[in-house]
Amino acid sequence: MANDERLIALHRLLVGQRAPVSTARIQERLGCSRATVMRLIAELRDISGDPIPYDRFAQGFAYRQPPDLKGELSSPWLGDAELRALLAIRQQLEQTQPGLLAELLAPLERRLIQLLSPDGLCQEELGRRIRLLSVGRAKRLAANGFAACAEAVLRRRRLRVRYRSRTQEESLERELSPFRLVFYRDNWYLDAWCHLREGSRRFAVDRIAEARLLTADAVELPDSHLDEQLGEVFGIFSGAARSTAVLRFSALRARWVADEVWPGQRHARWLEDGRYELKVAYGDPTELVMEIMKYVPEVEVLHPPELRQAVTERLQAALKNFSGVS
């Protein structure tokens, strides 16, 4: 048990007992030595302001006046390194999705900077030293829409949204039972059960024009169903796995591909000549074809024939676009 968790457990143990709690019992409950108990008691005295006197008869400790430490002990203490990491995460969110939850997170950011002020760390310096470059990020992501989705996911409540996909001109009002938020290639998506279509769907959060939290409970589905319908294959909108691609990369490109994580990866092996062979499960081939095109001419599609043909057609179309250009 981590020390922060032990401190919280010690407070709860003392608050929950009217009589003093023996040192031996504290050691047993916290799984620590007597010396550790003494150190934790000293820390708890500093935080609570209570003397927590030692009872010689009971050979233990008790609060003289049990304090309300709900705010102080509701979350673990963080060291400087953890605080810097948390502030960097906040900076990442601001750089990848400007304005997203800015109003809600501003108090946290100010508090973090105050805690780190002895080191001379300021928000401007953090922005100069940590730079994240995004490609393909949605230009617009409404903070209120994202916040409503997040609240619905965490509180397990239904959500009423007005959604317009990129393939439709008109927007439709839908009632959703959200399961999880997914961050994929610099964009946010919502996995949910669509009560309009009566099926699992993945919605781009930036395409949600309006979102309103409902009082009705969200329907529950097992994670295995979600992974089968929406995950464990290549691509964000792939659905269930329908086929497995076999890709072979040149020895030059293999050194990069072998260190990458491919969604839906089933098997990989090095060949004797230094080339690298990768098997990837996929449903809709559209996104996989686009990914393969990034590695041309250092990749070959071995299987299935229809995927190889789809890549061939894209290459031929590209050649037509560039033919006759001086």
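The values are calculated or read from the model by the stated rules, or taken from the named source; none is laboratory data. No experiment lies behind these values; they were computed from the predicted model shown. Cβ: placed from backbone, ideal geometry, glycine included. Neighbour counts: every protein chain shown.
For segment 164-198, taking the residues that are small (Gly, Ala, Ser) and out of contact with any helix residue (DSSP H, G or I) (no Cβ under 8 Å at 6 or more places or on another chain), the one that is nearest to Glu151 (Cα to Cα) is identified as Ser177.
Residue-wise test of (1) in contact with a strand residue (DSSP E or B) (Cβ under 8 Å, 6 or more places away or on another chain); (2) modelled with pLDDT of 95 or more; (3) of a type in the set (S, T, N, Q).
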position	(1), (2), (3)
Asp223	no, no, no
Gly235	yes, no, no
Arg242	yes, no, no
Arg266	yes, no, no
Tyr295	yes, no, no
Gln309	no, yes, yes
Gln316	no, no, yes
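Restricted to segment 236-326, the set of strands (runs of 3 or more DSSP E) holding at least 1 residues that are touching a helix residue (DSSP H, G or I) at 6+ places or on another chain (Cβ under 6 Å) and under 26 Å from Ser200 (Cα atoms) comprises 243-249, 276-282.
Tell me, please, whether a residue that is at pLDDT below 80 and loosely packed, with under 12 Cβ neighbours inside 10 Å can be found in segment 48-68. Yes; the residues of segment 48-68 include at least one that is at pLDDT below 80 and loosely packed, with under 12 Cβ neighbours inside 10 Å.
Among the residues of segment 246-296, those identified as among the hydroxyl-bearing types (Ser, Thr, Tyr) and within 13 Å of Leu307 (Cα to Cα) are Tyr282, Thr286.
Restricting to segment 254-278, name every residue that is more than 16 Å from Glu298 (Cα to Cα) and among the basic types (Lys, Arg). Within segment 254-278, Arg266, Arg269 meet the criteria. Yes or no: segment 167-178 includes at least one residue that is under 18 Å from the mean Cα position of the chain (by Cα), under 22 Å from Leu226 (Cβ atoms) and either part of a strand (DSSP E or B) or at pLDDT below 90 (or both). Yes, segment 167-178 contains a residue that is under 18 Å from the mean Cα position of the chain (by Cα), under 22 Å from Leu226 (Cβ atoms) and either part of a strand (DSSP E or B) or at pLDDT below 90 (or both).
Restricting attention to segment 185-197, which residues are surrounded by fewer than 15 Cβ atoms within 10 Å (Cβ to Cβ) and either closer than 20 Å to Gly264 by Cα or acidic (Asp, Glu) (or both)? Within segment 185-197, Arg185, Asp186 meet the criteria. The set of residues in segment 19-55 being assigned to a strand (DSSP E or B) and of a type outside the set (D, E, K, R) consists of Val21, Ser22, Tyr54.
Answer yes or no: is there a residue in segment 206-221 that is among the small types (Gly, Ala, Ser), in the same structural domain as Val153 (by TED's automatic domain parsing), surrounded by 15 or more Cβ atoms within 10 Å (Cβ to Cβ) and at negative phi. Yes.
Among residues that are surrounded by 15 or more Cβ atoms within 10 Å (Cβ to Cβ) and closer than 29 Å to Trp262 by Cα, Ser200 is included. For segment 6-32, filtered to residues that are β-branched (Val, Ile, Thr) and either in contact (Cβ under 8 Å) with a residue 40 or more places away in the chain or surrounded by fewer than 20 Cβ atoms within 10 Å (Cβ to Cβ) (or both), the residue that is farthest from Phe61 (Cα to Cα) is Ile8.
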